[in-house]
Amino acid sequence: MKRKLLLAMFIGAFATMTKAEDRVLKVLQTDGQVTTISLNDEPRTTYADGNLVITTSQTTITYPLEKVRRYTYESLATGISTKPSLKTEMSQNGEALTFTGLKSGETIMLYNIAGQILRRINSEKEGATTVSVADLPAGMYVVKLNDVTYKITKR
């Protein structure tokens, strides 16, 4: 009985620390513009006619997919500051993927759609690393860098 009570108290304390109002849906566009939507608004994401459509009880926002870099579900800052880190980003330019803001020794993983590892690349220096995908057949691939995952399409 004591274990169940302690477990319930722990879960209640954890739920209090991560309230829904602390979590958001963040949309990063290719031009750098960022839109943040509280999960309290219960955003629903769908795709229609080449657009990302986000609907809440109050509004509907439509983004052309080619202008959306990524969207993520995140927690808002708690006021606890950390050491600033490099901002890592990926861009695709034809037959090459360019990663900027890397630290030396960071690992870039490239997977096929079946989840098989195709490449494991370690950045040799801080800054930018370019990865060629010229030898890959047309299709969809997944790139993982730290805690960020990108979906790419090679045509």
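The values are calculated or read from the model by the stated rules, or taken from the named source; none is laboratory data. Note that the structure is a prediction, hence the values are computed from the model and not measured. No Cβ is skipped: glycine too gets one built from the backbone with ideal geometry, and neighbour counts run over all protein chains shown. Side chains included, ligands, DNA and RNA excluded: accessible areas come from the protein's heavy atoms. Shrake-Rupley method; radii C 1.70, N 1.55, O 1.52, S 1.80 Å.
Within segment 111-155, count every residue that is in a strand (DSSP E or B) and of a type outside the set (Phe, Trp, Tyr). Let's see the steps before the verdict.
First, pick out the residues of segment 111-155 that are in a strand (DSSP E or B): 111-112, 117-122, 127-132, 139-145, 148-154.
If we keep only those that are of a type outside the set (Phe, Trp, Tyr) too, we end up with 112, 117-122, 127-132, 139-140, 142-145, 148-149, 151-154.
Of the residues in that region, 25 qualify.
Looking at segment 96-155, which of the residues that are in contact with a Leu (Cβ under 6 Å, 6 or more places away or on another chain) and within 18 Å of LEU28 (Cβ to Cβ) is most open to solvent (accessible area, probe 1.4 Å)?
Result: GLY101.
Select from segment 25-79 the residues that are hydrophobic (A, V, I, L, M, F, W, C), open to solvent by 70 Å² or more (accessible area, probe 1.4 Å) and within 23 Å of ILE152 (Cβ to Cβ) and list them in ascending order.
The answer is VAL34, LEU65.
Which numbered condition trips up THR88, out of (1) modelled with pLDDT of 80 or more; (2) polar (S, T, N, Q); (3) open to solvent by 50 Å² or more (accessible area, probe 1.4 Å); (4) in contact with an Asp or Glu (Cβ under 9 Å, 6 or more places away or on another chain)?
So THR88 meets the others, but not (3).
I'd like to check something: does segment 59-67 contain any residue that is assigned to a strand (DSSP E or B), in contact with a Gly (Cβ under 7 Å, 6 or more places away or on another chain) and either closer than 26 Å to TYR150 by Cα or modelled with pLDDT of 90 or more (or both)?
yes
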